[in-house]
Every structure is written in structure tokens, then in C-alpha cells.
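Note sheet for the following structure.
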């Protein structure tokens, strides 16, 4: 797997919009010896988000997190955006609370091939 998470426009957008995720991102990057791929970063983001939701669903970064995923899901401007949103949706798929927070563009990935 390539070390593309640092160069990924999707991952960059998430890190910019949700700076609270940065510590978890850096931890995942260190655990992978700098070889963190975009798909791994999206899984780490989903795990982090579910943990934040358990801490409190009204935390501002939770709203921003779902908002940025929805922006990416509804945009044609992000290379690999579709695949990475699919990875995120699959990673949160076991959480009914997370699924209920997905926007319509993100929710469409629940049944994507």
C-alpha cells in the first residue's frame, strides 16, 4: 500500500475541516511507519468518529465530520473520492447512529457496487 494519505486531497480536506482528528491521524501514520494509505486513513477516521459519537453526539467535530464526508461524496473534485467515501461508509456501517447521520450523497454509498 502506498504512503498516499499525506498527499490525498480527500484526507487533506478531512484533516483541514476536522483538526481534532489530527492526533489520531498522526498515531495511525506512526503505527504504519509512514506508509499510511488513504483507505487506512479513512478507516482510522471512521473509527475516531464513532469513538467521538460515543463520547457525545452533540460534539461539534461530529457534525463537521459528517459534513465534510457529505461534501466529498457529492463532489466530482476529489480524485478517488468515491472509493474513499465507500471505505468510510463501510467502516461506519456497523453503527446505526453513524448511518443515521449520513447525508443523502453519503447514504447512496451504502448500496454502491
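Taken over the range 86-109, residues that are surrounded by fewer than 13 Cβ atoms within 10 Å (Cβ to Cβ) and part of a helix (DSSP H, G or I) amount to 4.
Quick grid of which residues meet (1) crowded, with 20+ Cβ neighbours inside 10 Å; (2) farther than 18 Å from residue 90 by Cβ:
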site: 5; (1), (2): yes, no
site: 9; (1), (2): no, yes
site: 16; (1), (2): no, yes
site: 19; (1), (2): no, yes
site: 26; (1), (2): no, yes
site: 38; (1), (2): yes, no
site: 41; (1), (2): yes, no
site: 47; (1), (2): no, no
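State yes or no: is residue 56 modelled with pLDDT under 95 and under 19 Å from residue 90 (Cβ atoms)?
Values: modelled with pLDDT under 95: yes; under 19 Å from residue 90 (Cβ atoms): no.
Considered against the rule, which asks whether it is modelled with pLDDT under 95 and under 19 Å from residue 90 (Cβ atoms), residue 56 comes out as no.
Among the conditions (1) free of Cβ contacts under 8 Å to residues at least 60 places away in the same chain; (2) over 20 Å from residue 19 (Cβ atoms); (3) surrounded by 15 or more Cβ atoms within 10 Å (Cβ to Cβ), the only one that residue 81 does not satisfy is (1). Of all the residues in the range 20-57, those that are within 25 Å of residue 102 (Cα to Cα), in contact (Cβ under 8 Å) with a residue 24 or more places away in the chain and either assigned to a helix (DSSP H, G or I) or touching a strand residue (DSSP E or B) at 6+ places or on another chain (Cβ under 7 Å) (or both) number 17. Looking across the range 70-85, the residues that are under 15 Å from residue 38 (Cβ atoms) and assigned to a loop (DSSP other than H, G, I, E, B) come down to 78, 79, 80.
Restricting attention to the range 62-78, report how many residues are within 16 Å of residue 102 (Cβ to Cβ) and surrounded by 16 or more Cβ atoms within 10 Å (Cβ to Cβ). I'd like the intermediate steps shown before the answer.
Quick first cut of the range 62-78, residues within 16 Å of residue 102 (Cβ to Cβ) only: 62-75.
Add one more test, that the residue is surrounded by 16 or more Cβ atoms within 10 Å (Cβ to Cβ), and what stays is 62, 64-66, 68-73.
Total satisfying the criteria: 10.
The values are calculated or read from the model by the stated rules, or taken from the named source; none is laboratory data. Keep in mind that this is a model prediction, so the values were computed, not measured. Positions of Cβ are backbone-derived with ideal geometry, glycine not excepted, and every protein chain shown enters the neighbour counts.
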